[in-house]
Amino acid sequence: MNINKYFVIDFDSTFTKVEAFDALAEISLRDHPEFEERKKQIAEITNQGMDGSISFRDSLEIRVKLLSPNRRHLEELVTVLRTLVSESFKRNKEFFLRYADNIYIISNGFHAFIDPIVTEYGIKPENILANRFQFDAHGNVTGFDTNNPLSSNNGKVESLKRLNLPGDVYVIGDGYTDYEIKHAGLANKFYAFTENVERERVLNNADHIAPSLDEFLYLNKLNTVISYPKNRINVLLLENVHPSAMEAFKNEGFNVEVYPAGLDEDELCEKIKNISVLGIRSKTMVSKRVLENANRLMTIGAFCIGTNQIDLKEATRRGIAVFNAPYSNTRSVVELVIGEIIILIRKIADKSASMHLGKWDKSATGSFEIRGKKIGILGYGNIGSQLSVLAESMGMNVFYYDREEKLALGNATKCKSLRELLESVDILSLHIDGRKENTNLISHREFGWMKKGIIFLNLSRGHVVDIAALKENILSEKVAGCSIDVFPHEPKSNKEEFVSELRGLPNTLLTPHIGGSTLEAQENIAQFVSGKFLDYINTGSTSISVNFPNITLPTLENAHRLIHIHSNVPGILAKINQILAVNGINIAGQYLKTNEQIGYVITDINKEYNKELITELRAIEHTIKFRVLY
């Protein structure tokens, strides 16, 4: 770095996520009878000082008097502020340590709570410019040093003039007083820091907008812990994914766009061109054509159980890791199944509809208990097996069939064939995946095997049931009760009309694909899938990926991580290591795993590398994707 570059950084809402006086008010005034009133006054006085209605000196004096802090309050404030350092500052601690001589903190706040925070990041005490409190013998704040220019209007400008830094000056801050340093000709560039707060007047005057410290370091080629700022990584979340997923990405500094509905193929082909992380649910089809347009896509997350809506083979061929949530909504689906079985076997839906029309039909005809009934579960995976346990606990006799060998839970009976299952049970619940081979798995022949009066439920995938055949069997009363949550063709959004042959049929429950749609399930799914996304992006871990070799990796410290995805052919690892050896690179750790299509190599190196090394690794034949993690 040019030793004549200096970095001047604001404290409130820049180095920390909050205004220190706001946090101090919560501490020093919490037991005050005028707590809310004083907080409001402090906010008003702050704004008046910022817009020039009163002088900054008057604003500061009034606020300090309203706060009436003691040393113990300030000590507590420091404890709070330590937990509120901006995320991008925390992950770039090495920057502060490396360039400590050239970094200055400038603030209209006070040394008492600024120094303990920033010195932990390597900032030199003599490089901290701030106000100083005055105390009485009991530790109460009685005022402040009025000779300090930072206690007056234009204080930051005056302080920088006195410093007279002999080189280029770059200012990072969120407030207009930070911009004034540049406006006064004392700085080369002003970066508006927006990780915590955005002020339109500040943005309009900035040379650059820095959504994080990562962006500033990237622009000035000062990166120390990341290879690319996260605010430049675009995340697209479709289909009303739970807000906690968006929050998880935003907290990490990513640029997040949320769209409430699904997108058709043409729309997604256009939208995905600059997207690195895609989050979908069950309606959005990620086809080969979509992936051909996904030039920057690193990973796809299905915020649901199934991944049949994604062309996994093509995603793998392109080095795109896919994650899903195989366990997060199982309980919600199973509870709905149990509830619907009871409603159907008692004909509750039809009785309720009749009563809304004014008809009173009190009768036990056609109504039964579920205890002692034989329930058939087609598909004994995460949902089917949990349904098995709950159904048995309610007194039902459980039978199941799965193409794969699955261990029976409790007293469940495994059937040898689909026909054996269908001929045996009083109730049938489908929990199979959406692979193409399962299209119309239940059709005229299969309904013919079932008992007359069967209760039929499908909460798996819409295309596994022949809808015309189902309608025919409902009308003939072969199916006495039916519940369908998934359909071959579903509306893209809540604004579209739902069209189906099943509308209006007797004792038929139709639900809009909500089997896993409980607040608990959606939040669990959002946290689980976004967690897998972040593990993959931050560490390279592919645990529970549906298409990548599964590797769980430790967080790396004091080293660099290189990630190489390639076609699964012999000799790639040897070529990687040969290039590293020629460049004099020592390997701190290395991980390799393969599946039928790809190989996944993670190499940790403990020294600096040059661009030629990266170019050589990318040029290895059969390389699909290569990235430097940090």
Output the residues belonging to the range 314-365 that are of a type in the set (Ser, Thr, Tyr) and either at pLDDT below 95 or assigned by TED's automatic domain parsing to the domain that holds residue 426 (or both). 327, 328, 330, 332, 352, 354, 363, 365
Residues (within 33 Å of the chain's Cα centre (by Cα) and polar (S, T, N, Q)) located in the range 567-617: 567, 568, 590, 594, 595, 597, 603, 606, 610, 615
Can you find a residue that is in a helix (DSSP H, G or I) and at pLDDT below 95 anywhere in the range 497-519? yes
Say we look at the range 163-183 and pick out the residues that are in a loop (DSSP other than H, G, I, E, B) and touching an Asp or Glu at 6+ places or on another chain (Cβ under 9 Å); which of these is farthest from residue 216 (Cα to Cα)? 175
Can you go through 319, 301, 279 and tell me which one is buried (at least 20 other Cβ atoms within 10 Å of the Cβ) and on the phi > 0 side of the Ramachandran plot? 319
Report yes if some residue within the range 7-20 is assigned to a loop (DSSP other than H, G, I, E, B), hydrophobic (A, V, I, L, M, F, W, C) and without any contact (Cβ under 8 Å) to a residue 24 or more places away in the chain; otherwise report no. no
Please verify whether residue 392 is within 42 Å of the chain's Cα centre (by Cα), charged (D, E, K, R), at pLDDT below 95 and over 26 Å from residue 468 (Cβ atoms), treating the condition exactly as stated. no
Assess whether residue 591 counts as being modelled with pLDDT of 95 or more and over 30 Å from residue 335 (Cα atoms). no
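Out of curiosity, is residue 251 farther than 21 Å from residue 525 by Cα and either surrounded by fewer than 18 Cβ atoms within 10 Å (Cβ to Cβ) or not assigned by TED's automatic domain parsing to the domain that holds residue 195 (or both)?
Taking the combined requirement at face value, the residue does not satisfy it.
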In the range 592-613, which residues are crowded, with 18+ Cβ neighbours inside 10 Å and under 17 Å from residue 551 (Cα atoms)? 598, 599, 600, 601, 602, 603, 604
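Given the structure, is residue 547 modelled with pLDDT of 90 or more, over 19 Å from residue 305 (Cα atoms), over 19 Å from the mean Cα position of the chain (by Cα) and of a type in the set (S, T, N, Q)?
In short, no.
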Would you check if there is a residue in the range 127-141 being closer than 30 Å to residue 186 by Cβ and among the small types (Gly, Ala, Ser)? yes
If the requirement is being of a type in the set (A, V, I, L, M, F, W, C) and either out of contact with any Gly (no Cβ under 9 Å at 6 or more places or on another chain) or over 25 Å from residue 530 (Cβ atoms) (or both), which of these qualifies: 551, 587? 587
Would it be correct to say that residue 514 is touching a residue at least 40 places away in the same chain (Cβ under 8 Å), closer than 23 Å to residue 338 by Cα and in contact with a His (Cβ under 9 Å, 6 or more places away or on another chain)? no
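Quick check on the range 158-177: of everything there that is buried (at least 19 other Cβ atoms within 10 Å of the Cβ) and not polar (S, T, N, Q), which residue is farthest from the chain's Cα centre (by Cα)?
Here the answer is 160.
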Tell me, please, whether a residue that is within 13 Å of residue 11 (Cβ to Cβ) and of a type in the set (Phe, Trp, Tyr) can be found in the range 111-130. yes
State whether the residues of the range 397-404 include one that is touching a Gly at 6+ places or on another chain (Cβ under 7 Å) and aromatic (Phe, Trp, Tyr). yes
I'd like the full set of residues that are among the charged types (D, E, K, R) and modelled with pLDDT of 95 or more, limited to the range 274-295. 288, 289, 292
List the number of the failed condition for residue 380; all other conditions in (1) within 36 Å of the chain's Cα centre (by Cα); (2) of a type outside the set (Gly, Ala, Ser); (3) on the phi > 0 side of the Ramachandran plot hold. (3)
Somewhere in the range 572-589, is a residue basic (Lys, Arg) and touching a strand residue (DSSP E or B) at 6+ places or on another chain (Cβ under 8 Å)? no
So which residues in the range 506-525 are over 15 Å from residue 459 (Cα atoms) and surrounded by fewer than 16 Cβ atoms within 10 Å (Cβ to Cβ), if there are any at all? 506, 519, 520, 523
Is one or more of the residues making up the range 342-352 touching an Asp or Glu at 6+ places or on another chain (Cβ under 8 Å), within 18 Å of residue 509 (Cα to Cα) and surrounded by fewer than 19 Cβ atoms within 10 Å (Cβ to Cβ)? yes
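Test residue 409 against the stated conditions and say whether it is in a strand (DSSP E or B) and assigned by TED's automatic domain parsing to the domain that holds residue 372. Can you show your working first?
Numbers: in a strand (DSSP E or B): no; assigned by TED's automatic domain parsing to the domain that holds residue 372: yes.
No; evaluated as a whole, the condition is false for this residue.
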The residue from 390, 407, 422, 418 that alone is at negative phi and without any contact (Cβ under 8 Å) to a residue 12 or more places away in the chain is 407
Here are some residues: 136, 145. Which one is among the acidic types (Asp, Glu), over 24 Å from residue 55 (Cα atoms) and either free of Cβ contacts under 8 Å to residues at least 24 places away in the same chain or not assigned by TED's automatic domain parsing to the domain that holds residue 106 (or both)? 136
Residues of the range 96-111 satisfying the condition of being within 35 Å of the chain's Cα centre (by Cα) and among the hydrophobic types (A, V, I, L, M, F, W, C): 96, 97, 100, 103, 105, 106
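Quick one: which of 453, 462 is out of contact with any helix residue (DSSP H, G or I) (no Cβ under 9 Å at 6 or more places or on another chain) and surrounded by fewer than 18 Cβ atoms within 10 Å (Cβ to Cβ)?
453
The values are calculated or read from the model by the stated rules, or taken from the named source; none is laboratory data. Given the structure is predicted, the values throughout are model-derived calculations rather than measurements. All Cβ positions, glycine included, derive from the backbone under ideal geometry; neighbour counts span all protein chains shown.
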